[in-house]
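Structure record follows, encoded as structure tokens.
Values quoted throughout were computed directly from the atomic coordinates according to the rules given, and no laboratory measurement underlies them. Note that the structure is predicted; figures quoted are calculated from it, not measured. With ideal geometry, Cβ positions are generated from the backbone for all residues, glycine too; neighbour counts draw on all protein chains shown.
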Amino acid sequence: MQFVAYTQYTHRLIASIHYVTGGLGSRWNSSVMFLSLSPLMKRGAWCVIASTMVSLAVLLMRMRGTIGPSLRHDHQLLRRPLFKLDLSWPKSPELFTGEVFGVAVNQHAGVVYVAQRGDNVPKVLVFTTDGDFLMAWNTTTLEMPHGIFLADGGSSNPTVWITDVGDGPYGHCIKQYSPSGKLLQVVGTAGKKGSGLNPLQFDNPAEIFVHDSGEMYIVDGDGGLNNRLIKLSKEQEVLWLHGEKGQGPAQFNIPHSVTVDDVQRVWVADRANKRIQVFNSVTGEWLGTWGSCFTEDAPYSVRLTPDKKYFVVVQLNTNQISLLRAPPVGSIGQCVVASVIQLAEEVKPHLVDLDLETGALYVAEIGAQQAQKFTPFSL
Ligand SMILES: *[C@@H]1O[C@H](CO)[C@@H](O)[C@H](O)[C@H]1NC(C)=O
């Protein structure tokens with residue numbers, strides 16, 4: 001059992017108490033408590049944190065019917081990759097001027113791309129992983145960015161892929177940009193929604209994952225005509241697809257986020273079906289479904305931690321970031337929640353990305369109108 005509580009202070013989340021216990025059956029045989037506090041913390045917030053900690057400790061002792069000495073550290077639990085909020089990122093949060101729908105990070109270039117929506121706002125803001133502001137794009141070829149993905153294959157000049165769900169002349173397609181926002185190519189048919197495969201058309205394409213090989217996985221879409229998972233070759237020929245709306249295996253209802261692991265498995269957040277579906281990336285064969293973790297709220301994002309041990313899945317309506325245990329090769333099994341970060345109400349986390357070097361997690365928050373950085377604990 002775990003809780004992570006956040007207090008809110010001057011419109012930003014500034015502190016977290018992480019309280020973790022583990023046990024077998026009804027016997028709690030281990031517990032650990034730790035605290036992370038921002039340097040910006042003010043005295044009032046300290047009091048809130050301190051009193052919450054004391055209450056939690058008292059609660060635990062009551063539940064155990066014992067006092068302090070039986071609390072002991074369990075390093076197994078401490079090694080779990082829980083995250084803490086990095087309040088120093090970005091250094092100029094006032095630059096967020098719209099609703100933040102997507103975020104993408106590249107560890108080689110040390111850059112974070114943030115996609116936002118709104119009238120007369122730059123659709124993409126670029127920061128360093130240290131939080132310095134680099135640039136705002138001037139392009140007029142973006143309407144309503146949804147998913148954003150940095151493809152690089154190890155280069156320090158990643159190109160930027162964005163899915164656009166707008167209804168105007170630049171909408172309903174997927175675009176590749178240079179790092180500074182020069183349009184390089186359009187996948188699909190700009191401005192014309194549809195289900196065609198030749199030429200390709202999309203309707204509210206939700207997200208794209210581009211492999212180092214150049215092969216692409218597209219989820220299409222975010223509540224439009226289509227409910228498809230499409231794999232394209234580097235030359236943009238359809239290699240395989242699943243395109244039926246429904247609740248059965250390999251059918252979708254709002255396929256919203258997609259990622260590919262190192263062992264040829266494609267993971268799709270099948271949002272309105274409240275499940276994650278898994279496919280073989282080479283053949284497209286359906287491998288399994290996880291649903292039991294999402295009875296309360298649907299998965300919106302799916303990404304892997306760099307050690308490939310956990311999936312990071314956000315749930316927008318319950319304002320949660322969940323870490324799910326990644327299954328071993330050859331088995332999908334049932335989903336297991338390893339850890340949850342509870343965000344404040346109305347933050348509405350939407351999509352995420354992870355720095356594959358440091359393990360830092362970036363979260364696009366529609367309600368809070370910002371992107372936030374969380375760094376992993378390694379105790
Ligand atoms: C956007 O336009 C401004 C003003 O012309 C310019 O200074 C800036 O460099 C441009 N940004 C990018 C990313 O091209």
Give me a comma-separated list of calculated 3J(HN,Hα) values for segment 183-193, in order, Karplus coefficients 6.51, -1.76, 1.60 applied at θ = phi - 60°, integers in Hz, x for any Gly or Pro. 5, 9, 7, 10, 9, x, 10, 4, x, 10, 6
Given H placed on each backbone N at 1.01 Å, which residues far from A326 in sequence or on other chains put an amide H within less than 5 Å of it? Y310, F311
Net charge (Lys, Arg +1; Asp, Glu -1) of residues whose beta-carbon lies under 13 Å from that of K231, K231 excluded, is -2
Per the charge dipole of segment 83-376 (beta-carbon charges, Lys/Arg positive, Asp/Glu negative, Cα centre), the residue among F101, T259, I366 reaching farthest to the positive end is T259
Explain nothing, just compute: Karplus ³J(HN,Hα) = 6.51 cos²θ - 1.76 cosθ + 1.60, θ = phi - 60°, for every residue of segment 285-298 in order, whole Hz, x for Gly and Pro. 4, 6, 10, x, 9, 10, x, 5, 7, 10, 5, 7, 8, 6
What are the aspartates and glutamates whose alpha-carbon lies under 16 Å from the alpha-carbon of K91, with same-chain residues fewer than 8 places away excluded? D130, D132
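How much length, in nm to one decimal, is gained on full extension between A136 and T358, taken as 0.36 nm per residue of separation minus their Cα-Cα distance?
On the way: separation 222, 0.36 × 222 = 79.92 nm, distance 2.48 nm.
The span from A136 to T358 would gain 77.4 nm if fully extended.
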Which whole-Hz couplings ³J(HN,Hα) result when phi for each residue of segment 195-200 is put into the Karplus expression 6.51 cos²θ - 1.76 cosθ + 1.60, θ = phi - 60°, listed in order with x for Gly and Pro? 10, x, 10, 8, x, 5
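Using the beta-carbon distance between T375 and A272 and R0 = 41 Å, what value does 1/(1 + (r/R0)^6) give for FRET efficiency, to the nearest 0.05?
Working: r = 32 Å, r/R0 = 0.79.
It comes to 0.80.
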Between S156 and K91, with labels modelled 7 Å along Cα→Cβ, what's the label distance in nm to one decimal, could you check? 1.9 nm
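DSSP loop GluC sites (Glu not before Pro) in segment 319-379 with at most 16 other Cβ atoms within 10 Å of their Cβ, which ones?
Working: sites: E345, E346, E357, E365; in loops: E345, E346, E357.
Here the sparse-neighbourhood loop sites are E345, E346, E357.
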What's the extension gain from V186 to L225 if we count 0.36 nm per residue and subtract their Cα-Cα distance? 12.1 nm
Cross-link pairs beyond the 30 Å C-alpha cut-off, checked among K123/K234; K193/K309; K182/K373: K193/K309
Set the Förster radius R0 to 22 Å, insert the Cβ-Cβ distance between T128 and E346 as r into 1/(1 + (r/R0)^6), and round the FRET efficiency to 0.05. 0.20
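Return the FRET efficiency for the residue pair E235, T318: r is the Cβ-Cβ distance, R0 is 30 Å, and the value is rounded to the nearest 0.05. Can you show the working numbers first?
Numbers: r = 41 Å, r/R0 = 1.38.
My answer for the efficiency is 0.15.
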Percentage of interatomic Cα-Cα distances in segment 83-376 larger than 31 Å: 19 percent
